[in-house]
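Participant: Below is a structure I'd like to ask you about.
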Amino acid sequence: MTPIVDQHARSGGQVAHGVADPHPHPPVRYVAPPPGRFTAFLLRTYARFPRWAAPLAILTCFAGAAAFVTVNEPTDGAFDQTTCLAKLTTGFDCPGCGGTRAFFYLLQGNLPAAARHHAIVVFAAPFVTYLFVVWALNQTFGWRLPQLRFGPATISAFLAAAGIFAVLRNLPWEPFTWFYV
């Protein structure tokens, strides 16, 4: 005679009061609910657009942001009054503080000034650009270029570096005042 545990393991049934369940139940699987009306509308709309529409929409948004930053030139004092909620409430620079000015200097091709305002933005810009180009060419023309694969360790290291950078840029003594914008 085999033990009840072995019968349970072989049959896949549940053990109740020392007797194996003669009718084993399949494991419960998660089934996603059907999309709501708005999500279904977005999915239908996305299916109707040509493949090149999404990359073009993102490029249009990027061009609008670049034009806004170039016209308003955030380095000449146009944005002296901060609108950052973190800066207004705590007095500290938030992790993204200086990103717009870094973007402005990247558009001008001035890498040292861009890094002075936000080193993480300058570091991440080539990766984000490459990821967009690979996605857009695949989406538009079906070209399969080598993709960057970031593992959990790489993502964790980047987030840790961004967190350390956010703390160091708020320290009021040398050499950390170089990060203060």
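Participant: Out of region 52-90, which residues are exposed (fewer than 12 other Cβ atoms within 10 Å of the Cβ) and either in contact with a helix residue (DSSP H, G or I) (Cβ under 6 Å, 6 or more places away or on another chain) or at pLDDT below 75 (or both)?
Facilitator: Correct list: 76, 77, 78, 80, 81, 83, 85, 88.
Participant: Filter region 19-51 down to the residues that are touching a helix residue (DSSP H, G or I) at 6+ places or on another chain (Cβ under 9 Å), more than 24 Å from residue 137 (Cβ to Cβ) and at pLDDT 80 or above and list them by number.
Facilitator: 34, 35, listed by residue number.
Participant: Just to verify a result, which residue in region 136-172, among those that are aromatic (Phe, Trp, Tyr) and in contact with a helix residue (DSSP H, G or I) (Cβ under 7 Å, 6 or more places away or on another chain), is nearest to residue 125 (Cα to Cα)?
Facilitator: 165
Participant: In this structure, does residue 136 turn out to be touching a residue at least 12 places away in the same chain (Cβ under 8 Å) and either within 14 Å of residue 93 (Cα to Cα) or under 14 Å from the mean Cα position of the chain (by Cα) (or both)?
Facilitator: no
Participant: Something else about it: Starting from residues that are outside any helix (DSSP H, G or I) and modelled with pLDDT of 90 or more, keep the ones in region 105-119 and report whichever is surrounded by the most Cβ atoms within 10 Å (Cβ to Cβ).
Facilitator: The extreme case among them is 110.
Participant: Does residue 131 meet the test of being surrounded by 12 or more Cβ atoms within 10 Å (Cβ to Cβ), under 21 Å from the mean Cα position of the chain (by Cα) and touching a residue at least 12 places away in the same chain (Cβ under 8 Å)?
Facilitator: Here the answer is yes, as residue 131 does meet what is asked.
The values are calculated or read from the model by the stated rules, or taken from the named source; none is laboratory data. If you're wondering where the values come from, they're calculated on a predicted model, not measured in any experiment. So basically every Cβ, Gly included, is an ideal-geometry build from the backbone, and we count neighbours across all protein chains shown.
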